[in-house]
Each structure stands twice: as structure tokens, then as C-alpha cells.
């Protein structure tokens with residue numbers, strides 16, 4: 001078991017997560033390896049194993065951090081008076097800032113979870129559940145007429161919708177070419193635009 005001050009452990013852990021995030025800006029999930037991440041940190045690559053056993057655990061930690069940040073955004077939304085329309089607008093704006101979270105959500109989540117230790121997965125699930133709880137609190141405020149079961153259905157619809165926002169907003173040239181050849185209409189829209197459209201429909 002690795003030993004060090006809590007400050008050092010937290011600092012090293014963040015450096016590893018930041019290195020992963022940096023690489024993910026220009027590389028795909030499959031392309032990134034522990035070796036690539038090791039090349040980006042100011043300490044030896046074997047040191048990474050004191051914190052994470054697999055690259056999937058590092059991605060999961062990055063994903064967890066994104067959810068925790070989004071939860072704070074949602075909690076701040078709840079400090080103001082809101083209705084369904086204002087909630088859709090504010091939530092769409094918050095998602096616009098979380099492109100990384102949406103990208104992680106749309107690709108390789110199964111691999112990240114399957115190849116991570118249960119304790120890492122539990123921490124991630126806690127962060128995810130905190131976001132769900134924060135969104136649920138907003139629903140209670142914006143849609144006071146909904147009962148618990150109706151709110152639960154709205155939550156499921158909203159979070160399932162959010163899963164698909166990134167790949168639609170960031171379709172590749174190849175995907176767009178294929179859709180055109182298949183006769184599928186593709187309207188290019190931003191994360192904010194898609195989120196606003198979807199959330200307005202769901203929150204009606």
C-alpha cells in the first residue's frame with residue numbers, strides 16, 4: 001500500500017487525472033495507454049500504479065470529477081427561482097460547459113466500469129447519484145405538480161437523453177457522409193441547442 005501525506009496523494013492523483021484529460025483532447029479512448037499517461041506526469045510511470053491499476057480507473061476518476069463539478073452547477077441553479085422553462089435553459093447552459101462529461105458518457109462507459117475495481121466504481125456511482133439527486137431537487141422546485149413516480153420517469157428520460165447529446169453534436173465527417181448517403185437528415189446543432197430542445201420537450 002502506497003504511503004504519503006494526504007496532500008501528496010491528492011496532488012499526485014490529480015496530476016494523473018489531468019494528464020489523462022490532456023491526452024483525451026487529441027486522442028481517442030482506445031489510443032490512450034498508461035504509458036502515454038506516464039509520459040505526461042512529472043514522476044515515474046510505475047508510480048501511477050500506486051493510485052490506479054488500469055487506464056479505465058483513471059478515466060473513471062476523470063468522469064467522477066466531471067460529475068462532481070456538474071452537481072455544483074446544478075446546485076447553484078437551485079438557488080434561484082425556476083420553472084420548467086428556466087430549468088431547461090439553465091440545465092442546457094450547464095451541459096454546454098460539460099462537453100468532456102458528455103463525451104465520456106457517450107463512449108466506453110462499459111469498458112471503464114468493467115475494468116475498474118469495485119471501490120473505484122462505487123466512488124463514481126456516488127458522484128453520479130449526487131448529480132441525479134441535484135437534478136431531482138430542481139425538478140421538485142420547477143415542477144411542483146409532479147409526484148415522486150412522475151419525477152422518477154422525468155429523471156430517467158432526461159438522463160437517457162443526455163447520454164446521446166455529445167455524439168449528435170459532434171458527429172464525425174465519416175458519420176455525416178454516411179447519413180447523407182443513407183438519406184438521413186442531419187441538422188448540425190451545438191450541445192446547448194440540442195440540450196435545450198430535448199429538455200424543453202421532457203420537462204413539459
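Below is a table of values for the structure above.
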| read-out | value |
| --- | --- |
| Pair list, Cβ < 7 Å and 6+ apart or interchain, from the range 133-145 residues that are within 14 Å of residue 70 (Cβ to Cβ) to residues that are in a loop (DSSP other than H, G, I, E, B) | 137/78; 138/78; 138/82 |
| Residues located in the range 113-149, provided they are buried (at least 19 other Cβ atoms within 10 Å of the Cβ) and farther than 17 Å from residue 162 by Cβ | 116, 120 |
| Condition check for residue 26: within 30 Å of residue 90 (Cα to Cα), outside the structural domain of residue 170 (by TED's automatic domain parsing) and over 17 Å from the mean Cα position of the chain (by Cα) | yes |
| Helices (runs of 4 or more DSSP H) completely within the range 151-204 that count 1 or more residues being over 18 Å from residue 90 (Cα atoms) | 165-169, 173-181 |
| Residue list for the range 156-167, restricted to those being in contact with a helix residue (DSSP H, G or I) (Cβ under 6 Å, 6 or more places away or on another chain) and either free of Cβ contacts under 8 Å to residues at least 60 places away in the same chain or farther than 24 Å from residue 28 by Cβ (or both) | 157, 158, 161, 163 |
| Some residue of the range 68-77 being part of a helix (DSSP H, G or I), without any contact (Cβ under 8 Å) to a residue 24 or more places away in the chain, crowded, with 16+ Cβ neighbours inside 10 Å and more than 14 Å from the chain's Cα centre (by Cα) | no |
| Checklist (1) more than 18 Å from residue 141 (Cα to Cα); (2) in a helix (DSSP H, G or I); (3) in contact with a helix residue (DSSP H, G or I) (Cβ under 7 Å, 6 or more places away or on another chain) applied to residue 22, failing item | (3) |
| Members of the range 31-54 that are touching a residue at least 40 places away in the same chain (Cβ under 8 Å) and over 15 Å from residue 15 (Cβ atoms) | 53, 54 |
| Residue that is out of contact with any helix residue (DSSP H, G or I) (no Cβ under 9 Å at 6 or more places or on another chain), under 22 Å from residue 60 (Cβ atoms) and in the same structural domain as residue 88 (by TED's automatic domain parsing), where the choices are 114, 119 | 119 |
| Any hit, the range 167-182, residues being under 21 Å from residue 83 (Cα atoms) and assigned by TED's automatic domain parsing to the domain that holds residue 92 | no |
| Hey, residue 89 out of contact with any helix residue (DSSP H, G or I) (no Cβ under 6 Å at 6 or more places or on another chain), surrounded by 15 or more Cβ atoms within 10 Å (Cβ to Cβ) and on the phi < 0 side of the Ramachandran plot or not | yes |
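The values are calculated or read from the model by the stated rules, or taken from the named source; none is laboratory data. Quick caveat: nothing in here was measured; it's all calculated off a predicted structure. Quick reminder, even Gly has a Cβ in these numbers, built from the backbone with ideal geometry, and neighbours come from all protein chains shown.
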